[in-house]
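Let me begin by presenting the structure, written as structure tokens, before commenting on it.
Read-outs throughout are calculated quantities, based only on the coordinates presented, and are distinct from any laboratory measurement. The shown structure was predicted, so the numbers you read here are calculated from the model rather than taken from an experiment. Don't worry about glycine lacking a Cβ; one is built from the backbone with ideal geometry, like all the others, and counts go over all protein chains shown.
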Amino acid sequence: MSPGYCAFYEECGRNPLIEGSLIPPIVPCLNYSRHLFFLQVCPILDHGENNTRACCSLKQLSSLEMSLTLSKAVLIRCPTCAENFAHLHCINTCSPNQSQTVKITKVMNITQLGETKEVVVGYQAFLSTTFADGAFQSCQNVRIPATGGLAIATMCGRYGAKLCNPQRWYDFQGDSSNGLAPLDIDFRLVKEGDTEGLPKGVIPYNGRALMCNETTPSGGQVCSCQDCQESCPSVSHPPPPPGPFRLLGTDGFLVISLILLCLLLFAFVLYISVSCLAKSQKREDEKKGKRKGRGKDQNSNDVTQRLIDPSEVTCAERNSMAAQAFLSLEFRNWGTFMATYPLTVLLLSAAVVAVFAAGLKSIELITDPVELWSAPDSRARQEKDFHDTHFDPFFRTNQLILTAPDRKGHIYDSLLFGLQNFSGIVSKDLIIELLKDVCFAPLSPNNVSLTDCAVNSLPQYFQNSIDNINAKVNMTELGVTKEVDWRDHLIYCLNSPLSFKDITDLGLSCMADYGAPVFSFLAVGGYENDDFTNAEALIMTFSLNNYARNNPKFKVAMQWEKEFLKIVQDYQKSPANNFTFAYMAERSLEDEINRTTAEDIPIFMISYAVIFVYIAVALGEYSSWKRILVDSKFLVGLGGILVVGCSVLASMGFYSWIGIPSSLVVLQVVPFLVLAVGADNIFIFVLEFQRDVRRPGEKREEQIGRVLGNVAPSMLLCSLSESVCFFLGALSTMPAVKTFALYAALAVLMDFILQMTAFVALLSLDARRQDNNRCELLCCVTVSAQHPKKPNEGFLLPLMRKYYAPVLLHRYTRILVMFVFIFMLCGSVFLMFNVTVGLDQELAMPQGSYMLDYFKYLYKYFEVGVPVYFVTKRGFNFTTVEGMNAVCSSVGCDQFSLTQKIQSYIAIPANSWVDDFIDWLNPGSKCCRLYNANINNGTFCPASELAQRCRRKCMVAPPDGVLRPNVTQFDRYLPDFLGNRPDLQCPKGCSGMSLFILLSSRFMAYHTPLTNSQEFTAALLKSRELAHNITMGMRQIPGTSPDFEVFPYTLTNVFYEQYLTVVPEGLFNISLCLLPTFVVCCLLLGLDLRSGLLNLITIIMIVVDTVGVMTLWDIDYNAVALINLVTAVGISVEFVSHMTRSFALSTKPSHVERAMEATANMGSAVFAGVAMTNLPGILVLAFAKAQLIQIFFFRLNLVITLLGLAHGLIFLPVLLSYFGTSTFFFHAKAKASQELETRTNTRQVYNNLSYEDNEIKLDPDSEKAVTDASGPSTIKEKVERIDRF
């Protein structure tokens, strides 16, 4: 075939068919002459001097260069792509064999300067699919850093990146309506060897398209990994996340739990078997006379147990009984003194409480969630403070998500984009009223105007102009004329949000009225496969400047949001409202939490009232209807409640004095905790007093002192254990947990002190009233019926002694109980490892809150998650070539640069100002130019200036296509770049930023949608891992400071960081709380390690079982749950420690009998004082509106109380009956105590006390030896035996 020739040549004027183009639509003349020219614009056609032939003139080259400039500005990140893009247009315009690949289809006559010329306004271009596919593949992954989107999406019209293919790509390039093509080009892609339908003489162009991982003939570098998958280095894939722990092919925790179950059951069965064998052997030995079954006491009476020599009593045992005697004696004296002067004690107690409570005048309540849940020295807080200091606080977000489920959609036949589905929500009659009183203006932070307000919404594609929405125009495309309107503009903008002008004849910009783009994923939601117009929701985001809480402008923003919520809520109630929508303001979370707290205060008040009524009723004796008003304990119950309230007020006042703020958690939990602890002590004290009988000649005050001496050591044991427990819990790093622990510790301690003072005095006054037969509340009224002289055991004590304890401690029942509780423990261990860690923010909202609807809409319709910034601290040199390459992601950048590493949990890759700066400097764009004349010669020339005045480029294009400024150029041009506002002529720029970016920069990306706390926590962890990897890599760059660091910042990090450490933090806190329960129990029981250990084991089982039930009842483990678990340790002490001490001091001869006595006597008081005090108040909380209260206060406290009750009154008595301290040990203690009290060494043996069902017990004080100079003598007084502690 003969060589081709020029189909057209030179320029003949403007295309009369095109108006409003982005560049002058200069068209060529119809000419068939040949021309020889050295090509600079099209190096692909350069064959050397005297060998280069072309069908274009200098004017055509200039116009071609202008046409390619805007496209190259987007594609220049990948030199190979830019080269392939220019390749074909150079072939079409300048190839000497032009006639072989081009067929003219449309010409026109135009007259210019009186001369009529025939011009080409349309032609067909034939190229092979091999070349087209190769060129397309080299460009399809090139990204635009500013948006994170693909460049191909802006060059494929209606199809976007996902539906774009080579044919559609070239069709868009050849469409003169795109604002870049000066004439219509009909690209025909022909398969190799396919000649059917080809015009005569036409040979489809089949040049070689470069692959994106190849260098260009002109020396351009290979494309970066981010823009070209083929350029990515071969790296090993990161290890998959660890799978579930498995053993023997199944759940590892289940296997461990089963092994633990088998071991415990085997150990228990072995213990039972050995015990049975030992008892059987003992009986046989007794039958054979190997052991003497009876002995004599000092009075020659028979005893059933062997005689104990004093040498068998250890020093520890002597110290134990001495401690018990000392505590009882001291508390007895103290109680007598308090009861003797009740009014003085009450007055002094009230004065002390008033002094402490006066601090409440300066109380500070923490309501800021950041201050409440994130420690000031935590990593997330430090990163937040750094970000807010260097970049200002993250802007305040106010958002609406609108849907129209009842509106029907329609199909729109677009002239440019074909058939398009429009959902009902995407309709013209959508009217949005924007509020712009306070705004976040990213492009003009120092000179904010109404049009600078950052409101992201779909109407911003029309610049919030009703005129633009209503605009219509007739347009002709490929010979078809139709009307184009807002829908065509919207389709284009949703797919090309960075465009300053659409491709329709409307000629509207896609930029918002404040000059920045509105990305489609922030304007619409609920779409699939980028089918934006079929979205189910519209998203409106109002961004406000944020300020510190002590800044006056913070109140302005809060007021704006208050008005915003009011307007939105009024609109939602309006009958004219056709939309279903959800909304939120930045203040909404805090507002709703405070609102629900206020609304649930009556629930807490009712809860406390129910507890008060129960205490007042349950403390009464009710021996006779005639004395019901005398024997009631209404005022005593009220006094107990007041003691609890005063202890809480004193604690809060004290910490307010010293400047430790409180929180709503303290107000809700601490009174409940102190009430549970205080009520138990009140019941133990009052019931012991009611069951006691005043001795002959004993004063009322002495009786109260004696009773207090009996029970106060047990009260001290529990209160001191709990107080020390909570004080140690204050070592927690979580502010909410720390504050709660401090307030609770002092409140429990104050409660005990007030019980030992004010409550003893109050009981003394009530006993005086009762002795005088005066009615309660009506003190002047007396009754004739006398108080019975026998002790009042009430209803519960006989029931537990006669029925409950014998059944519980039956031989077979005990075995069943041990089996059940061992199974519960092992099952809870398995469940504990499966508990969900976290707290979804929806749970903090009350039922019916508008925020619940917002969260539902957010998770359903949003296509991206929260924004994440990767922030660089000072110490990195951006001005060097190595520094730029370590950050950027375009051609020539390091394969493992900062922006190329950001990929984990990232929906939209990070944009980089370094990439934009390099693109801005590129001589192929109009961004960075210099004046070439007059007084401005050599200074920066903005893109808005005419090209004739600014022909000088800032930099010269490098041969290899890798443009990097030197340090001098970097410092010179960076201020101009930072002051440049992006526009049609120059889409690059960073207006609103300052030179401070050289000290600290941030690179923004978006997480994938995150819907629960587990995903937020995982995203935080992964982003930190990625940031650390980036830090280590950038520290290798020469000139980087050794302490340089990159960290990820997301607004939610301060809330979810706690879940990275809440498990070890919880183990630490609970362990600290368990420690004093063991130590104090051992010390107060005289170094009784076994009792302390059994006490500790039971409390641990309660905590473990509680966590197990949390898993079953969908209660997540978090800081709120941790507070309740710490509380559980305190409440468990009440259930367990009283019983343990009662058993340890019992003098019954066998374990089972001692367990029965402890269960009946102390168990009844614990049941009435702890369980029945807590349960009514807890059940009332079920009616609270706040989900947080329902889950973590109702459910969890109910679980804690029921499990504590079960372990304290069912499991512990059985456990003590098997493994409790031996009877021999404590009988030795009793006799050692008698020896200590009589201070005599005359007796050589210690006799065990005999046990009878109806035992006549001698009070130690009535048996006390009186010694004078003549010798020892003993006075014994027998009194009626009563069941007491």
For the range 1043-1142, list log₁₀ I(q)/I(0) at each q in 0.15, 0.18, 0.20 Å⁻¹, using the Debye formula over Cα point scatterers of equal strength and ignoring solvent, two decimals each.
-> -0.68, -0.86, -0.98
Report the label-to-label distance for V1079 and T968 in nanometres (one decimal), using points 7 Å from each Cα along the Cα→Cβ vector.
-> 7.1 nm
What distance in nm separates the simple spin-label points at L1087 and T782, each placed 7 Å from Cα in the Cβ direction?
-> 5.6 nm
Ranked by how many other beta carbons lie within 10 Å on average, peptides 959-966, 171-178, 507-514, 465-472 from highest = 507-514, 171-178, 959-966, 465-472
Additional length obtainable on full extension of the chain from R951 to K162, 0.36 nm per residue less Cα span | 280.2 nm
Please provide three numbers in whole Å: the alpha-carbon extents of the range 643-761 along the principal axes, with the largest listed first.
-> 57, 22, 20
Size-normalised alpha-carbon gyration radius of the range 937-1015, reference 2.2 N^0.38 Å = 1.53
Potential lengthening between R874 and S1041 on full extension [0.36 nm per residue; Cα-Cα distance subtracted] | 59.3 nm
In vacuum, with every alpha carbon of the range 450-534 counted as one equal point scatterer, what does the Debye formula give for log10 I(q)/I(0) at q = 0.20, 0.22 Å⁻¹? Two decimals, please.
-> -0.89, -1.03
Go ahead and run the numbers for FRET between A598 and V1063, Cβ-Cβ distance against an R0 of 30 Å, rounding to 0.05.
-> 0.35
State whether the range 645-702 is rounded, prolate or oblate according to the following rule on the C-alpha gyration tensor (a ≥ b ≥ c being the square roots of its eigenvalues): a/c under 1.5 gives rounded; otherwise a/b larger than b/c gives prolate, and the remaining case gives oblate.
-> oblate
Do the alpha carbons of any pairs in K117/K988; K738/K1185; K384/K562; K926/K1022; K106/K191 sit beyond 28 Å of each other, and which pairs?
-> K117/K988; K926/K1022
Taking the reciprocal of mean 1/r across every pair of different Cα atoms in the range 40-114, the Kirkwood radius in Å is 13.9 Å
Given the range 574-702, what whole percent of its Cα pairs are spread farther than 19 Å?
-> 67 percent
Peptides ranked, highest mean first, by Cβ atoms within 10 Å: ranges 398-405, 743-750 | 743-750, 398-405
Report P(r) for the range 330-396: all Cα-Cα distances, bin width 5 Å, range 0 to the bin holding the largest distance, values in whole percent.
-> 3, 12, 11, 12, 9, 7, 7, 7, 8, 8, 6, 5, 4, 1
Take the Cβ-Cβ distance between A351 and L638 as r, set R0 to 25 Å, and report the resulting FRET efficiency rounded to the nearest 0.05.
-> 0.80
Over the range 156-218, the quotient of the Cα radius of gyration and 2.2 N^0.38 Å is 1.37
Which FRET efficiency value, to the nearest 0.05, is calculated for T111 and Q985 with the Förster distance at 30 angstrom and r the Cβ-Cβ distance?
-> 0.45
Taking max minus min of the Cα coordinates of the range 506-620 on each principal axis, largest first, gives extents in Å of 88, 38, 31
Counting every C-alpha pair in the range 951-1090, the percent lying more than 19 Å apart is 74 percent
In nm, give the distance between the simple-model label positions of L930 and M211, each being 7 Å from the Cα along the Cα-to-Cβ direction.
-> 4.1 nm
Give me the Kirkwood hydrodynamic radius of the range 489-534 in Å, from all C-alpha pairs, to one decimal place?
-> 10.9 Å
Kirkwood Rh in Å, taken over the range 191-282 so that all alpha-carbon pairs contribute = 22.1 Å
Rounded to a whole number, what is D in µm²/s for the range 115-209 from Stokes-Einstein with the Kirkwood radius over alpha-carbon pairs (25 °C, 0.890 mPa s)?
-> 166 µm²/s
